[in-house]
Ligand code: TXA
Ligand code: MG
């Protein structure tokens, strides 16, 4: 059910959860100071309790009551990239609920770059908001996706199709040196330029698990199996039960099960989860993606690679 910004703020203030658009993906938001409301998010999503939530704020001044914000790195990054697709993990203040941080001593904060999300937060205060999908499903980038995972009667603010379509970069500023826990549109290079120091890229492993428990869970998975294309030999043998995703290979076939992004990686990012979900709706058995090289100069490539790798079928 589509609700207005004002209605969404009222619902949040009264302890309900609401679907909110952001520039990355839709979130499912609850009052960050209300334990019962935040618990509803975990119940609805069937999210494991040890996977912490991002607190979304609408003004940088709200950060100081939630986290230690004195560091030069924080000030520079927040100034450079907020509102925007960068989540900053900081030492938390006492008042942040344990249910939000999953018991960690840190809290993840971001200001989303979407006018409707900002208006709701202005009115309702900071909200805890993970992506508005059931756990293990691809993140939602349209109202329809949120309805599909929850229900038609679930309250959602309609913000159109998300501009970026891939979740925010998560940068941990709580350790000895800054570390990217999840790549996103804002790249390590962009961050390094602003803070004038090296940023580590956490892959998987003990260190990342300790810092970001959520990364142990399999994400972004549709029902269809996903694989990189191995070769183009079978070009004339397209299988009707397969969705083919290209970005460079010269092919002029146009069929509903062949999509081509013509090196437009921004569009690919914007459409990826929608394609995953569409594949399931149309009962495709597999999705084959033309291999992506990290050499293409688009900012979104490392994040795309990360999401696709994590959705591959073993
Ligand atoms: O773009 C986004 O970030 C979207 C929109 C709605 O803002 N949100 C989103 O939330 O992707 P979620 O819950 O699906 O992913 C949040 C990620 C998880 O991997 C979680 O483990 C990590 O952030 N995270 C949250 N709090 C953390 C903390 N205190 N320390 C380390 N990682 C944290
Ligand atoms: Mg998520």
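Overview of values
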item: Residue 107 more than 10 Å from ligand 1 (Cβ to nearest atom) and not in a loop (DSSP other than H, G, I, E, B); result: no
item: Tally of residues being within 28 Å of residue 154 (Cβ to Cβ), within 16 Å of ligand 2 (Cβ to nearest atom) and surrounded by 21 or more Cβ atoms within 10 Å (Cβ to Cβ) across segment 87-108; result: 3
item: Single residue of segment 156-176 satisfying the filter (away from ligand 1 (no atom under 12 Å from the Cβ) and surrounded by fewer than 18 Cβ atoms within 10 Å (Cβ to Cβ)) that is farthest from residue 142 (Cα to Cα); result: 176
item: Breaking point among (1) under 24 Å from residue 115 (Cβ atoms); (2) within 16 Å of ligand 2 (Cβ to nearest atom); (3) over 16 Å from the mean Cα position of the chain (by Cα), for residue 28; result: (3)
item: Within segment 90-102, tally of residues that are under 20 Å from residue 27 (Cα atoms) and in a loop (DSSP other than H, G, I, E, B); result: 3
item: Segments classed as helices (runs of 4 or more DSSP H), wholly inside segment 177-288, with at least 3 members that are at pLDDT 95 or above and either loosely packed, with under 13 Cβ neighbours inside 10 Å or within 15 Å of ligand 1 (Cβ to nearest atom) (or both); result: 265-281
item: Sole exception among (1) surrounded by fewer than 21 Cβ atoms within 10 Å (Cβ to Cβ); (2) away from ligand 2 (no atom under 16 Å from the Cβ) for residue 111, by number; result: (1)
item: Filtered residue count, segment 129-150, keeping only those that are part of a loop (DSSP other than H, G, I, E, B), at pLDDT 95 or above and either out of contact with any helix residue (DSSP H, G or I) (no Cβ under 7 Å at 6 or more places or on another chain) or more than 15 Å from ligand 2 (Cβ to nearest atom) (or both); result: 2
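The values are calculated or read from the model by the stated rules, or taken from the named source; none is laboratory data. These numbers were taken from a predicted model, which means no experiment stands behind them. Glycine also receives a Cβ, built like all others from the backbone with ideal geometry; neighbour counts cover every protein chain displayed.
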